[in-house]
1. Please enumerate the residues belonging to segment 321-354 that are over 24 Å from Q74 (Cα atoms) and among the aliphatic types (A, V, I, L, M).
2. Tally the residues that are touching a strand residue (DSSP E or B) at 6+ places or on another chain (Cβ under 7 Å) and in a helix (DSSP H, G or I), restricting the search to segment 265-288.
3. State yes or no: is L262 closer than 22 Å to V81 by Cβ, assigned to a helix (DSSP H, G or I), of a type outside the set (G, A, S) and out of contact with any Ser or Thr (no Cβ under 6 Å at 6 or more places or on another chain)?
4. How do the pairs read when you match residues in segment 252-268 that are of a type in the set (K, R) with residues anywhere that are surrounded by 14 or more Cβ atoms within 10 Å (Cβ to Cβ), using Cβ under 8 Å and keeping only pairs 6 or more apart or on different chains?
5. With E13, E35 as the choices, which residue is out of contact with any Phe, Trp or Tyr (no Cβ under 7 Å at 6 or more places or on another chain), over 23 Å from C370 (Cβ atoms) and touching a residue at least 12 places away in the same chain (Cβ under 8 Å)?
6. Would you point out the residue of segment 89-129, among those that are without any contact (Cβ under 8 Å) to a residue 60 or more places away in the chain and of a type in the set (S, T, N, Q), that is most open to solvent (accessible area, probe 1.4 Å)?
7. Please verify whether segment 136-159 includes one or more residues that are open to solvent by 10 Å² or more (accessible area, probe 1.4 Å), within 25 Å of V61 (Cβ to Cβ) and among the acidic types (D, E).
8. So if I check each of V270, V283, which one is of a type outside the set (D, E, K, R), under 30 Å from P123 (Cβ atoms) and touching a Lys or Arg at 6+ places or on another chain (Cβ under 9 Å)?
Amino acid sequence: MSTFELRPSHPEEVRTVASVISHVYGDGTVDDVLEYRPEEAFAAEFETYYLGFQDGQPVFVCSVHDYPTLVRGQVVRAAGVASVGTLPEARGHGLATQAMNELVRQLRQAGFHLTMLYAFREPFYRRSGYATCGWRYKLKCPQDRLPRLQPELPIRRLTPDQFELLDPCYQAFAREHSGAVLRTPAMWKRRFGRKPRILYALGDPVEAYFWATPESFWSTLEIGELVWSSPRGYRSALGLIGRLMHNQTLAEWCEPPTSPYLATYRDQGVTAQIERPTMMRLVDPAAVLELLGPLGVDLEIEVEDPTQGEMQLVQVGRGGPKVRVSIGVLTQAVMGQPCGAELVQAGLVAGRPEAQATFARAFSSFPTVCTEFF
C-alpha cells in the first residue's frame, strides 16, 4: 500500500526542494530555480518549505510564510501558503488534496490560526476548506481621466531601506482591513523585491506612499502598493500620480474593496477588475473567535471541515441558537467579506431563521484584503 508523508524540509534538502519546484514550474533545471531563489532564501526567518514524500520519494512541495495577520483588528498567526506543486507523474490520484489537508492539520498543531493563499484554480482549494475572502481592484486609468488634484502634502523620495518611515502609515492602513499583514523588517525587504523602486512618500510623518516603475514616453505607469492613512494622504497621492502621468498614456494601481477612487472619482474609460483574490481558511476557529472577543450574540456553530473526522462545534458567547456552515463559509464570515448577512442570503447558513439572523448580526461586514504577494 502506498504511503505519504508531509513534513518541513531540512536545511540540507535545498536542492531536493528546488528539484521538485523546477519539475513543477519549469524544465527541471535545478540551478535555474536556485538562481531565482538563492539558497539563503530557503532559510528566510518567516518562510518554511514543506516536502511531501510518496513511498519515500519527494513528489510534493509548498512553502509556508509565518505572518502576523489582522482579523477585525485583532492579530492572529497566519500561514501564507505558496509554491504549491505536485510532480506530473504523481498527479491524478488525489495526492495534492491529501497533502493540503495534512498541511492544515500540521499548521493547527504548530499554533497557526489562519491560512491564506493565491489559487491557480480556486475549486481545487475549496476541497480543503479554503474560500475566497475579500478582493482588491486593479484600476486602469487613461491619462485624461485622472482627477485634477494638487498634492496637499510635501513630497519626497525615499529608498527601500527607509521602510521605518513608511511603517506607521502602513500599519494604520492595515488595521482597517482583515487579512492585512503586520510586517517585520524582513517582510518589508521581501515586499520591495530585488529591483530598486522609485519610492514616493507624502507628508512628514508619512500619510501616503507608493512606488512607480516609469518606462518610456506614452507607456503604462505601474504604481506599486498605494497606501494611505488619511483622506488628504490619498488625495495627495492621486495628485502626484497625475503629475507623473504628464508623458504617460495609462496608470495602473490597486485599491482595496473600499476603493476611494471608485466611490469618488470614477469616470468613463476607467476600468476596475478584481485582481488576485485571496483564498483563506480558518485553521483554529475556536481560537480565532476567542481572540475576537464578544460579538454581541449567543450562538452555536456546527462546522463541516474536510480535515476533521466529525462535525466541530464552536460556541459564540454563552451559546444559543444553532447554525451549520462549512469551514469556508465560517472563514468568510469571520474575515468579514462576504459578511454574515450576505452568506445567509446566499443560502450558505443552515438553521432556523432566528439562528440565521443571529449569525448575520455576529459577523458584520469588514473590508478584507491581503497586503502581501507570495
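The values are calculated or read from the model by the stated rules, or taken from the named source; none is laboratory data. These numbers come from a predicted model, not from an experiment. Please note: Cβ atoms are built from the backbone with ideal geometry, for glycine as well, and neighbour counts cover all protein chains shown. Heavy atoms of the whole protein, side chains included, go into the accessibility calculation; ligands, DNA and RNA do not. Shrake-Rupley method; radii C 1.70, N 1.55, O 1.52, S 1.80 Å.
1. Hits for segment 321-354 are V323, V344, A346, L348, V349, A350.
2. Of the residues in that region, 3 qualify.
3. No; evaluated as a whole, the condition is false for this residue.
4. Pairs found: R266/A272.
5. Answer to the check: E13.
6. The extreme case among them is Q109.
7. There is no residue in segment 136-159 that is open to solvent by 10 Å² or more (accessible area, probe 1.4 Å), within 25 Å of V61 (Cβ to Cβ) and among the acidic types (D, E).
8. V283
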